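Okay, structure first, notes after.
Every number in this text was worked out from the coordinates using simple rules, so none of it is lab data. Please read these numbers as outputs of a predicted model, since none were measured by experiment. Counting neighbours? That spans all protein chains shown, and the Cβs are built from the backbone with ideal geometry, glycine included.
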Amino acid sequence: MRYAKIPERKERPFRIPRLWFREGRLCNYADRLSVPCEVLGTSREAALVFQECMKGLEEEELWFIALDEDCRARRVVRLASGDAGEVRLDSSVVFRALAGSGCEAFVLGHNHPSGDPLPSPNDWIATALVLEGAGRRGVELVDHVVMGDGVYVSMRVLNEPLFLRGLP
């Protein structure tokens with residue numbers, strides 16, 4: 001049979017494992033997360049993944065996306081949840097969860113239920129500590145994305161020198 005024209009390729013969402021880090025172990029959610037793109041080349045694409053993870057939350061949650069050497073999302077992991085005003089970013093928890101993910105790089109993300117995605121002073125301090133630890137461990141923190149009400153802020157875009165400081 002011959003086709004009169006080549007059928008249009010329909011993009012379909014990619015499905016990646018969704019996990020949470022609890023009591024020192026990575027645990028699977030019952031379902032996988034549908035993400036709009038497999039390769040994350042921009043903070044906007046990372047924000048789309050985090051948006052799926054965090055929609056409808058009334059408390060802050062901290063997640064990361066594990067990336068391989070080609071910037072493909074391999075899994076998304078919920079690290080912690082807090083209250084409506086804060087989630088504690090503990091770099092030791094981040095690195096224990098990363099050790100089990102087998103990733104080359106990662107993107108952190110958390111939400112501000114207030115709707116304002118502007119990073120707090122504590123967000124900057126915690127991100128700097130994670131960047132320092134990532135450099136020592138040979139993994140790269142690509143970005144830290146803060147989600148607001150339908151908007152996001154890339155901490156890398158706001159302060160590129162902070163993210164480049166730990167690179168050779």
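Electrostatic tally near C53: other residues with Cβ closer than 9 Å to its Cβ, Lys and Arg +1, Asp and Glu -1, net +1. Entry for the range 58-107 at q = 0.13, 0.23, 0.24, 0.32 Å⁻¹: log10 I(q)/I(0) = -0.32, -0.80, -0.84, -1.16, Debye formula applied to identical alpha-carbon scatterers, no solvent contribution. Counting 0.36 nm for each residue step from E104 to E23 and taking away their Cα separation leaves a gain of 26.8 nm. On full extension, the segment bounded by D70 and S91 gains 5.1 nm, given 0.36 nm per residue less the C-alpha separation. By the Cα gyration tensor, the range 86-128 has an equivalent ellipsoid whose semi-axes, rounded to whole angstrom, run 22, 11, 9 from largest to smallest.
For V151, the amide hydrogen comes within under 5 Å of no other amide hydrogen, counting only partners 5 or more places away or on other chains and with H modelled in the peptide plane.
Once divided by 2.2 N^0.38 Å, the Cα radius of gyration of the range 105-149 becomes 1.22.
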